[in-house]
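*Asks:* Quick one: the structure is below, questions incoming.
FYI, it's all coordinate maths here, none of it is from the lab. Everything numeric here is computed off the predicted structure, so don't read it as measured data. Because the Cβ atoms are built from the backbone with ideal geometry, glycine has one as well, and the counts that use them run over all protein chains shown.
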Amino acid sequence: MLNKSLSKFLTQPVVGVALLTAVNAAVSSASLAQGQPFPPATQPSTTETQIDTNYSLGGGDRIRVNVFEVPEYTGEYQIPPGGAINLPLIGSVSVLGLTTEQAADEIARRYARFLKRPLISVNLLSSRPINIFVAGEVTRPGAYTLSLSGGAGDNPGVQFPTVLAALTTAQGVTLAADVTQVQLRRKVGRSSEQTVTVNLKELIQTGRLSQDITLRDGDTIVVPTATNFNVAESRNIFAANFAASQTTPRTVTIIGEVNRPGSYLVTPASTDAAQAGATPNSGTTNPNGLPNVTRVIQLAGGITAQADVRNLRLRRPTRSGSEQAIDINLWQLLQSGDTNQDIIVQDGDTIVIPTATEINPAEATQLATTTLSPARIQVGVVGEVKRPGLTDVQPNSSLNQAILAAGGFNDARASSDAVDLIRLNPNGSVTKRIVKVDFSAGINEQTNPILRNNDVVVVNRSGLAKTGDTTNTIAGPLGVIFNILRLFGI
């Protein structure tokens, strides 16, 4: 039993608190009646509701229950999974989901049957691990166990993990994330739940969060998918420390008007790897490049002459099962230096480069000098030219330029009115068409078309040359080429 002097001592502050509470209530009522604003201490806040940061007890916590003036009832307890501890005299008391203050009140209420005005305190000696769940646009969604750092229990140096630490543990947010609407869900007490929105964009722009949120056991973090993709914000996310690792290899597929469509592993290349003879698909052809669209194009051998660089589309799968469709205008990048068009890619992206419906010769020539195009393409010029065989030409070179690069017509034997243009199409088919030659014409599809990589130009013999030849057998490499063409029925 508590002695009388201690009871008298405890009673006086209670009276004082009750009196102060009554005075404050009277002042507030008077202010409201007169239409006066709230006093500063009770001014309603315009900021977002703060999440409950109190620590709720649970299985695994170690606590100390102090019963003042009754040391034999004081002791340390490991809270079992069910949350109930067994105390002297009063038996089992559930403290699951309660704060230390609430637990102290509940224990005091139970001891009040046996002690007069019991004075109880509960101290957290060591905390259980923080079990959380991270969902949505993160690299590895799932359940994680986070440890406290610094001191332990009631040590002021103890540090609880934060939202950013949880996102980093889940290997960072994806580039499809809406970082302005990250949700933190927390159980409060034994039945209710509280949700608060965290704006990580604020952290990127100002270096601070409106509320510094530390995690509690049972928290759930949900990173939603962005409904409207913002290129500039995507670059900022990529550079943030809570984003997916910049050095992680990512597999990206590129289809359409590139010289080598397919899937490529884009990695953080190093100069050593490039010098060691890495393969074109390894992502090491541009050691200092970011994992962006133009780098993937370079890995795929560059664009073809028929590429529509104004209307690229990037398709990005999301964690919600949907797909983001992002339009890209690389012509704007080339003309105005808008680097936001050069989107950072992530694992699973697909880049689609469409075929241009109309080719502007001036633009085609300009594109040939950019890094979007390969440094050289290879075409075959065979038959009656002065230097027949495979010829390296600049991208977007025309048929006339390829003939001249092969030394021009063999005047004594060539049929110079028309040539055959043979093309291997992306679908595996082979086409042949007759092109009338006009060296005075500029680039046009009828008489001087732009060539693609691996095109073959066949300069046939004139009628006089055919008459003078004693055999139709074509020996050497040219014979191999023509035999292949015959297999396709050309």
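*Asks:* Determine ³J(HN,Hα), in whole Hz, for all residues of the range 253-267 in sequence, where each value follows from phi through the Karplus function 6.51 cos²θ - 1.76 cosθ + 1.60 and θ = phi - 60°; x replaces Gly and Pro.
*Replies:* My calculation for the range 253-267 gives 9, 10, 10, x, 7, 10, 6, 9, x, x, 9, 10, 8, 8, 10 Hz in order.
*Asks:* So what's the net charge close to residue 434: Lys and Arg +1, Asp and Glu -1, counting the other residues with Cβ under 11 Å from its Cβ?
*Replies:* Around residue 434, the surrounding residues sum to +1.
*Asks:* Fewest to most neighbouring Cβ within 10 Å: what's the order for 315, 250?
*Replies:* Going from least to most buried by this count: 315, 250.
*Asks:* While we're here: In whole Hz, what ³J(HN,Hα) sequence does the range 351-360 give by Karplus (6.51, -1.76, 1.60; θ = phi - 60°), x for Gly and Pro?
*Replies:* 9, 10, 10, x, 8, 5, 6, 8, 9, 8
*Asks:* Here is a further query. Kindly put 461, 316 in sequence by how many other C-beta atoms sit within 10 Å of each C-beta, fewest to most. Provide the component values of the computation, followed by the final result.
*Replies:* Working: 461 16, 316 22.
Lowest count first: 461, 316.
*Asks:* Using Cα pairs under 8 angstrom and six or more residues apart, how large is the relative contact order of the range 342-436, in percent?
*Replies:* Computed value for the range 342-436: 17 percent relative contact order.
*Asks:* Sorted by packing (mean other beta-carbon atoms within 10 Å per residue), highest first, where do 214-225, 66-77 land?
*Replies:* 214-225, 66-77
*Asks:* Order by neighbour count: 203, 125, 175, fewest other Cβ atoms within 10 Å first, most last.
*Replies:* 125, 203, 175
*Asks:* With only alpha-carbon atoms counted, please give the Rg and Dmax of the range 57-123, in Å.
*Replies:* 10.8, 32
*Asks:* Let me ask you something else. Using Cα-Cα distances under 8 Å and only pairs 6 or more residues apart, what relative contact order does the range 57-123 have, in percent?
*Replies:* Taking the mean separation of contacting Cα pairs over the length of the range 57-123, I get 35 percent.
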